[in-house]
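Here the structure is laid out as structure tokens; the discussion comes afterwards.
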Amino acid sequence: MSAPLLLVARRDFVERIRSRAFQISTGVALLLVVGFIAAPPLIARIVGVDTTARIGIVGEDPEPLLDAVEELAPPGSTVEGERFPDAAAARKAVEEDEVDLAVTDEAILIDADTPRGLVATVQAVLARTRLAERAAELGLDPADAASLVAATRVPVEEVTGDDEVGFARAGAAFAAAVVMFVAIVTYGQWILVGVVEEKANRVVELVLGAVRPHELLGGKILGIGALGILQLLLIAVAGVVTAEVAGAADVPAIIASLAGGVVVWFVLGFGLYAVLYAAAGSLVSRTEEAQNAAFPLTMLVMVPYIVAVASLTGDGDVARIVSLVPFWAPIAMPMRMAAGDVAPWEVGVAFVGTVVTIAVAVRVAGRIYAANVLRTGSKTSLLRALRELRRSGRVADRG
Amino acid sequence: MLRLADLHKRYGDVVALDGCAFGVERGEIVGFLGPNGAGKTTTMRAIFGLVALDEGSVTWDGRPIDHETRLRFGYMPEERGLYPRMTVADQVAWFGRLHGLAPDEATRATDEWLARLGLGERKGSRVEELSHGNQQRAQLAAALVHSPELLVLDEPFAGLDPLGVENLAGLLAERARAGVAVLFSSHQLDLVEDLCERAVIVDHGRVVLDGPIGELRKASRYRYLEVEVVGDRAWWRDRPGVSLVAERDGVVRLRLDGDVDLGELLDAARRAGRIERFTFEPPTLSEVFREAVRR
């Protein structure tokens, strides 16, 4: 890499990181991500949703019952017990939600909030106890009685179904598509605005007196791309740290499952769209026209994003085709990779196709940029720019 | 030296350059004149490779100008512009770096030039916070920071107050004494006459006059006569080869074709009344200019 290219890259990086707009947008993005991740566990804690079952018992020592309930309940549940002198006190405790459920001699007391699963578990435990008592009364041999009770035990096995894995993966895939889309569009816009501002400020002529057009373009893409990756990393780190602190456990897993693919595809996707946005920016002279010039590009990058949203409902063929098309692969392929239903050859095809497209785009868009970046006045249409490119065969390509 | 040979450039139907050719020696200040649209800016851009020429060559010391050579040139484009949100010092130093200065050299040269241009106290300001005149100075600093061997300045005096003009004129003269080749365009012809030994006048993309200003004035096919006659003021009318340039406070400035007989003219003036003034002189540069680009 040449020194001028690095000087350009550093200027774009440093000036943008110092800009109020960058600082505010990064701050807002951080707040949103932190808030989005931290809010659910925090709310749960504040509102007091907890998974501990509280059981009241009249008279007896609650421990045997609690042990039995804990044994029967799903793994990870915790049970607390409280002893009440009489049924009236137990009833009052249930009414006032001090306990979820209370066991008296006559009945199991519950209210509307009592988890139904807990009721069934307590019922089963009591049924077993009563069965054992009754068997003893009927004079059954203790060993027979024990086997009678043991026969009621049905092992419980937790099965992680494909559905749940699929759901987590779909979430990760969707997140990948959103991150890629937002990153490409946002940083593409930075390139666009950077190119147009240099034209609008007229500083570009002075810069091009000392720097070749491809160095200016390459430096700008490198500087802004590096800043984009830095911002993404900052947000990702903030997200992981928040998830750890707040106890939203599955976020790091999702990010880890995305990380590798997203970084590679971000570099490819950003590289491709950055040169295209730069070429679009070079066709206009005023900042107000920039968005019009970039409109076709924004449409182009929208396609895989829409497909990503739609494919959550299961249309795999469309997503598969879109993920193989060079302009769309950088968004659709990491999404499919995160979803996990992608063959290696497909990744290879998308990768090679995108790299080839970048090589072509750098040549064509780079020449459009070089030919138009000094032109001021009215907007140049893309068709005209391409026609001129074909006619001239060479542009201000300097020694 | 800088040499431009046979430059041709056409934009669609518009001919911007049509065989433009001239040179600038080291240590020389050349005033580059021409009406708007004559091709001055296109010529200057061509020196920096910012225009793809249809034909012709630009050389420095006899060699085509490559990228490395160009880094030893300083440029002030017609379209002024710096990065508005960068500070003056950062910006000038950045341009110094782009032209190949090491970081500490760039900082030192930036301080030096900003001080010389009277911007020392504004070096930490953003360019957008500067007045118009100070932005112009910052622009100059960006062109000078790397001590170029060739300075190409497109309308450097436009927008400067009289003090700024004097300051810049002194600075260009000093650079030329230091061996720098200076080419600048201007519409302020008095200034060019004071500052330059040589002028190049272009029109329609071609050089129409090129030479030391004194010789250009002498070589004019016209002579100028300032006459004040108390009496008939219209005495000069209807005389062949005589036309009015200006009339003020009873003094008329007349342009005479080369073949007008001065004796006859003096006789005619005498007949018209008492002669208070009768000065005969070669044209000023601005008159030379107007003759050269007469449409």
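Quick notes on this structure:
- Part-to-part distance (alpha-carbon centres) for the stretch A:83-131 and the stretch B:156-223, which is given in Å: 105
- Nonlocal amide H pairs with A:Glu80, under 5 Å, H built at 1.01 Å: A:Ala53, A:Arg54, A:Ile55
- Counting only Cβ charges, +1 for Lys and Arg and -1 for Asp and Glu, the dipole size of chain B around its Cα centre is about 180 debye.
- Cα→Cβ-extended label distance, 7 Å offset, between B:Phe280 and B:Thr59, nm: 4.5
- Anchor B:Lys123: aspartates and glutamates whose Cα lies under 17 Å away (excluding residues fewer than 8 positions away in-chain): A:Glu15, B:Asp90, B:Asp104, B:Glu105, B:Asp111, B:Glu112
- Each of A:Gly59, A:Ser147, A:Leu6 was scored by the projection of its Cα onto the charge dipole of the protein assembly as shown, and the greatest displacement toward the positive side belongs to A:Leu6; charges sit on the C-beta of Lys, Arg, Asp and Glu.
- Treating r as the C-beta distance of A:Asp141 and A:Leu230 and R0 as 56 Å, the FRET efficiency rounds to 0.15.
- When the Cα gyration tensor is reduced to axis lengths a ≥ b ≥ c, the ratio a/c is 1.5 or higher for the stretch B:1-124, and with a/b above b/c it is classed as prolate.
- For the protein assembly as shown, the Kirkwood hydrodynamic radius comes to 32.6 Å, computed from all pairs of different C-alpha atoms.
- Once both labels are positioned 7 Å from their Cα atoms along Cα-to-Cβ, the gap between A:Ala107 and B:Ala173 label points is 11.3 nm.
- Relative contact order for the stretch B:2-215: 33 percent, from Cα pairs under 8 Å spaced at least 6 residues apart, divided by residue count.
- Highest-first arrangement of A:218-224, A:283-289, where packing means the average Cβ count within 10 Å: A:218-224, A:283-289
- Radius 12 Å from Cβ of A:Thr114, net charge of other residues (Lys, Arg +1; Asp, Glu -1): -3
- Of B:Leu256, B:Thr284, B:Gly231, farthest towards positive along the dipole that unit charges on Lys, Arg, Asp, Glu beta carbons give the stretch B:220-292: B:Gly231
- About its Cα centre, the protein assembly as shown has a charge dipole of approximately 4740 debye under the convention of +1 per Lys or Arg Cβ and -1 per Asp or Glu Cβ, with nothing else charged.
- For A:Thr26, net neighbour charge (Lys/Arg +1, Asp/Glu -1) across residues whose Cβ lies under 13 Å away: +3
- Size of charge dipole - the stretch A:52-150 - debye, nearest 20, with Cβ of Lys, Arg +1 and Asp, Glu -1, no other charges: 300
- In this calculation the C-beta distance from A:Ile306 to A:Arg363 is compared with R0 = 25 Å, giving a FRET efficiency of 0.30.
- Inter-centroid distance (Cα atoms) of the stretch B:233-295 relative to the stretch B:1-57, Å: 36
- Other residues within the sphere of radius under 15 Å centred on the Cβ of A:Ala329, judged by their own Cβ, net out at +1 (K and R +1, D and E -1).
- Whole-Å semi-axes of the ellipsoid equivalent to the stretch B:2-215 (Cα gyration tensor, √5λ, descending): 28, 19, 17
- Taking amide H positions as modeled 1.01 Å from N, with prolines and chain starts lacking one, the residues under 5 Å from B:Asp203 and 5 or more places away or on another chain are B:Val208.
- The stretch A:52-150: antiparallel DSSP beta bridges as a percent of all, rounded to 5: 25
- The stretch B:103-142 and the stretch A:184-253: distance between their alpha carbon centers, rounded to Å: 29
- Size descriptors for the stretch B:220-292 (Cα atoms only): Rg and Dmax, in that order, 11.7, 35 Å.
- Amide H contacts under 5 Å for B:Gly19, placed H, 5+ residues apart: B:Leu7, B:His8, B:Lys9
- What the phi angles of the stretch B:130-136 give under the Karplus curve with 6.51, -1.76 and 1.60, with θ = phi - 60°, is a coupling list of 7, 5, 4, x, 6, 5, 4 Hz, glycine and proline written as x.
- Among the residues of B:44-51, the average count of other protein chain beta-carbon atoms within 10 Å of the residue beta-carbon is 4.
Values quoted throughout were computed directly from the atomic coordinates according to the rules given, and no laboratory measurement underlies them. All of these numbers come straight from a predicted model, not from anything done at the bench. In this analysis, Cβ positions are derived from the backbone assuming ideal geometry, glycine residues included, and neighbour counts consider all displayed protein chains.
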